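Novice: Quick one: the structure is below, and I'll ask about it shortly.
The values are calculated or read from the model by the stated rules, or taken from the named source; none is laboratory data. All values reported here derive from a predicted model rather than from experimental measurement. Surface areas here come from the heavy atoms of the whole protein model, side chains and all, with no ligands, DNA or RNA. Shrake-Rupley method; radii C 1.70, N 1.55, O 1.52, S 1.80 Å.
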Amino acid sequence: MYYVYILASKTKVLYIGVTGDIVLRMHQHRTRLVPGFASKYSVNILVHVEACGDALDAIRREKQLKGWVRRRKVELIEAGNPGWRDLAEDFLGGRSDPSLRSG
């Protein structure tokens, strides 16, 4: 399973990414293990996530979303997550360390 995700900062700066391990990727974003845009701008709140069957589908969807204007991205987020709740809790179960995940 692969995931396309949108992260937001507290000031609603957006970041779109793709991963095969959403738990590990969220840990990397939250601990700023990977330098780049998301760590520079504190973009670490998971506000939208989509599961894809394979990597190519996920990459295609990521590119599609990145091509959208901001308004459309916000509409997508708010359609499924009107309060911009941090969806990472659904994956992490309150744990920030991926080595602690169950299953």
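Novice: Can you work out ³J(HN,Hα) from phi for every residue in segment 23-39, in order, using Karplus 6.51 cos²θ - 1.76 cosθ + 1.60 and θ = phi - 60°, giving whole Hz and x for Gly and Pro?
Specialist: 5, 4, 5, 5, 4, 4, 5, 6, 9, 6, 5, 10, x, x, 4, 4, 6
Novice: Relative to the present Cα-Cα distance, how much length would full extension add between SER42 and MET1 at 0.36 nm per residue of separation?
Specialist: Working: separation 41, 0.36 × 41 = 14.76 nm, distance 2.63 nm.
The span from SER42 to MET1 would gain 12.1 nm if fully extended.
Novice: Give me the percent of the accessible area of segment 1-85 that comes from carbon and sulfur atoms, probe 1.4 Å, all protein chains in place. Intermediate results must be reported in sequence, preceding the final value.
Specialist: On the way: 2620 of 4790 Å².
Here it works out to 55 percent.
Novice: Taking 0.36 nm per residue of separation and subtracting the Cα-Cα distance, what length does fully extending VAL13 through GLN64 add?
Specialist: 16.5 nm
Novice: Counting only heavy atoms of protein chains, what accessible area per residue, in Å², does segment 38-89 have with a probe of 1.4 Å? Don't skip to the end; give the middle numbers.
Specialist: Values: 3060 Å² over 52 residues.
Result: 59 Å² per residue.
Novice: Then there's this: Per 0.36 nm of contour for each residue apart, how much would the distance between ASP54 and ASP90 grow if the chain were fully extended, relative to their Cα-Cα spacing?
Specialist: Details: separation 36, 0.36 × 36 = 12.96 nm, distance 2.14 nm.
Extending this stretch completely gives an extra 10.8 nm.
Novice: How big, on average over all directions, is the shadow cast by the Cα convex hull of the chain, in nm²?
Specialist: Numbers: hull surface 26.0 nm².
The Cα convex hull of the chain, projected and averaged over all directions, gives 6.5 nm².
Novice: Using helices alone, what [θ] at 222 nm do you get for the chain, with -39,500 (n - 2.57) per DSSP H run of 4 or more residues, divided over all residues and rounded to the nearest 500? Please report the intermediate quantities before stating the final value.
Specialist: Numbers: 5 runs with 43 residues, N = 103.
That comes out to -11500 deg cm²/dmol.
Novice: For a 18 Å ceiling on Cα separation, which of these pairs sit above it: LYS12/LYS73; LYS10/LYS66; LYS10/LYS73; LYS12/LYS66? Kindly include the intermediate steps, with their values, before the conclusion.
Specialist: Values: LYS12/LYS73 11 Å; LYS10/LYS66 20 Å; LYS10/LYS73 16 Å; LYS12/LYS66 16 Å.
Result: LYS10/LYS66 exceed 18 Å.
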